[in-house]
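Working notes, beginning with the structure itself.
The values are calculated or read from the model by the stated rules, or taken from the named source; none is laboratory data. Predicted model only: the values in this text are computed from it and were never measured. Methodologically, a virtual Cβ is constructed for each residue, glycine included, from the backbone with ideal geometry; neighbour enumeration extends over all protein chains shown. Note: areas computed on protein heavy atoms with side chains; ligands, DNA, RNA excluded. Shrake-Rupley method; radii C 1.70, N 1.55, O 1.52, S 1.80 Å.
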Amino acid sequence: MTAQPELTIYPARLVRTMDPARPTAEAVAVRGDRIRAIGSTEELKAYGPARIDDRYSEHVIFPGFVEAHTHIGSGAMWQFTYIGKIERTDPSGKRWPGCADIGEVITRLKEADAALDDPHAPLQAWGLDPIFFEGERLDRRHLDQVSTTRPIGITHQSGHVMTVNSAALAADGVTRDTHVPGVIKDADGEPTGELREPAAMGLIESAPSALALGKELRDPLMLRNFGADARNHGVTTLVDLGNTQLMTDGYPQWLHSQIDTDDFPARISVFHMGGGFGGGTDVPAAVRRLHELRAGNSDKLRFGHVKFILDGSNQGFTGRLQEPGYLPDDRKGIWVIPPEQFMDLFSGYHAGGLTVHAHCNGDEATELYLDTIEAALEAHPRWDHRHTVTHSQLSTAAQYRRMATLGVCANIFSNHIWAWGDQHHDIILGPDRASRMNAAATALRCGVPISLHCDTPITPLDPLATASHAAARLTPSGRVLGEHERISVEQALHAMTLGAAYMLKMDHEVGSIEAGKYADFAILGEDPLAADPVGLRDVPVHGSVCGGRHFPVS
Ligand SMILES: [Zn+2]
């Protein structure tokens, strides 16, 4: 018999478990990386010789949050200049105020330019969101005011578009004679500097898109930032939703070397990008490889799930919408994966026993996905697959009823209400459709398991804020967008803990404070269940505990 690790009892102001069978306790006892029991401090002494650790006696111990739609590359973004509309805080705690107009964008870029010594070093920035700017559109001439010598590459917030200066166009040989779809030209036939979608964006190597992180996916700093961001917001389980490197020799092993360490503060489930924005088409080989990788899963690093991207983004008018479509006209959006190819791609992973999360922003994309799942289930019945519609922004009540029947989960993009709710109302969808977006209450009424997400770097990683946006549905102008789609604070917090864990097939391990699960906690300053829907986003986070190890916010 080997000696058991010491039992440690953590008394707290409150232990809030998110387990309805035992919702609160005075203290939690931890042995090694697992929860031994909850109860009163006196009661917990019955589990053997124990040390009392008082460090959380003034805090609320809550389950570590689970975020089922994030991107590992978000940790690499902060080496570039942020020029978005929304104020953000980077993992080091530095605040980046939002840029309200093109003038402020240019000022921010001039500051970044002045800070670079080498006059030819590239300047890369991200977060530009032209939908907030009335009037003229930022193009190469604006960026030429910043520099005519160094290449400048600006990635838009959607990730689907970039704008570059004249020096970048010249360096990469993009001219009036370049005939690649997505290279936008002015009335005289000259490139404006705007490049749409991957084929055009990929032409720029002198100042590549900040999101073109394929090369940097092995950056240890990126992982440290990703982990720090999680710790700062009490998140202990993350996802990399769509990684294109898992078929590459050595890459999964590199991830293990970085994440299976005592100082990395979170678990990560890394999904294979099955199609759309990279990803191979040799499905049988990918299924075999994913089963091999899964056999090597560790406590903190998980492989075995698959991501697809079916359509574009609604605020870019590239999400695929059913009738009635967008507000301005009858534009249809784009398919990132041709519908006629999707059945073959999906059914291979489905029959291979893997769980698929598919990006569906528009309801036509949701419809295609549900039709495909239904056909795949008829050909190859499976129980408890937990296939998930991720984003699910315009999924209808009828589609949620189908999801319930088919055993499909929905991971809903509630942060859109807070970030772009007014634009959806005024410009993109109109008041009726905008009020039905991200319909978390409808999903729950239909019995669909849900989670909520941020899709960082698209919006900030902050589960308390994400839960608050689903409960309050307030837009930046203060309008309640869809009062009947608001959910309760408790439902929203469930979505950010057990709900997300369920669709990652990790709900037996994380997502609530129960004996036997990992000792993964968010350390909070107040009881989030006592907060109102708006105040929920201001509950202080003091750090996290992952597998019994402490990660205070520094
Ligand atoms: Zn995403």
FRET efficiency for residue 115 and residue 477, using Cβ-Cβ distance with R0 set to 25 Å, rounded to 0.05: 0.15
Gain in span if fully extended, residue 149 to residue 397, counting 0.36 nm per residue against the direct Cα distance: 83.9 nm
Using the Cα gyration tensor of region 232-340, with a ≥ b ≥ c the square roots of its eigenvalues, what is the shape: rounded (a/c below 1.5), prolate (a/b larger than b/c) or oblate (neither)? oblate
For the chain, averaging the sequence separation of alpha carbon pairs under 8 Å that lie six or more residues apart and dividing by its residue count, the contact order in percent is 17
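Taking only C-alpha pairs under 8 Å that are 6+ residues apart, what is the relative contact order of region 358-435 in percent?
Working: 81 pairs, mean separation 23.3, N = 78.
Relative contact order comes out at 30 percent.
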Within the chain, what whole-number % of the accessible surface is contributed by carbon and sulfur, with the 1.4 Å probe and all protein chains included in the calculation? 51
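What number does region 278-364 give for Rg over Rh if you use C-alpha atoms and the Kirkwood radius? Intermediate results must be reported in sequence, preceding the final value.
Numbers: Rg = 16.1 Å, Rh = 14.6 Å.
Expressed as Rg/Rh, it is 1.10.
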How much length is gained on full extension from residue 484 to residue 205, taking 0.36 nm per residue of separation minus their Cα-Cα distance? 95.7 nm
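Where Rh is the Kirkwood radius over the Cα pairs of the chain, the temperature 20 °C and the viscosity 1.002 mPa s, what D in µm²/s does Stokes-Einstein return?
On the way: Rh = 24.2 Å.
Taking Rh from Cα pairs, D becomes 88 µm²/s.
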Could you check the spin-label model distance between residue 534 and residue 24? Points 7 Å from the Cα along Cα→Cβ, value in nm. 2.6
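How do 14, 481 stack up against each other in accessible area, from largest to smallest, with a 1.4 angstrom probe?
Numbers: 14 40, 481 5 Å².
From most accessible down to least: 14, 481.
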From the C-alpha gyration tensor of region 95-224, square roots of 5λ in Å: 21, 18, 16
Could you tell me the center-to-center distance, by alpha carbons, between region 200-258 and region 437-459 in angstrom? 25
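Do the sum for the chain: with -39,500 (n - 2.57) for every DSSP H run of n ≥ 4, divided by all residues, what is the mean residue ellipticity at 222 nm, to the nearest 500 deg cm²/dmol? Numbers along the way, then the final one.
Working: 17 runs with 149 residues, N = 554.
After summing the helix terms and dividing by the residues of the chain, the value is -7500 deg cm²/dmol.
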For the pair residue 42 and residue 186, the simple spin-label estimate (label points 7 Å beyond Cα toward Cβ) gives in nm 8.0
Where does the charge balance sit around residue 322 when Lys and Arg score +1, Asp and Glu -1, over other residues with C-beta under 9 Å from its C-beta? -3
Using a 1.4 angstrom probe and counting only protein chains, how large is the accessible area of residue 380 in Å², to 10? 70
What number comes out for accessible area per residue over region 197-272 if the probe is 1.4 Å? Units Å², please. 35
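With the cut-off at 1.5 for a/c, could you classify region 356-425 from its C-alpha gyration tensor as rounded, prolate or oblate?
Numbers: a/c = 2.73, a/b = 2.31, b/c = 1.18.
Prolate, since a/c reaches 1.5 and a/b exceeds b/c.
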In nm, spacing of pseudo-spin labels at residue 553 and residue 322 (7 Å Cα→C-beta vector): 4.2
Region 33-61 and region 484-554 have their Cα centres apart by a whole-number Å value of 19
Per-residue HN-Hα couplings for region 475-481, Karplus 6.51 cos²θ - 1.76 cosθ + 1.60 at θ = phi - 60°, whole Hz, x for Gly and Pro? 8, x, 7, x, 7, 7, 9
Would you kindly state how much longer the chain becomes between residue 221 and residue 257 on full extension, computed as 0.36 nm times their sequence separation minus their alpha carbon distance, in nm to one decimal? 11.6 nm
Where a ≥ b ≥ c are root eigenvalues of the Cα gyration tensor, a/c under 1.5 meaning rounded, otherwise prolate if a/b exceeds b/c and oblate otherwise, region 390-479 counts as oblate
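Determine the order of 71, 391 by accessible area, beginning with the largest, at a probe radius of 1.4 Å.
71, 391
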Normalised by the residues of region 1-134, what does the relative contact order come to in percent, with Cα pairs under 8 Å and at least six apart? 20
Partners for residue 185 among aspartates and glutamates (Cα-Cα distance below 14 Å; same-chain residues under 8 apart left out): 139, 177, 194
Under 14 Å from a label point 7 Å along Cα→Cβ of residue 351: give me every residue in region 377-391 with its amide N that close. 377-382
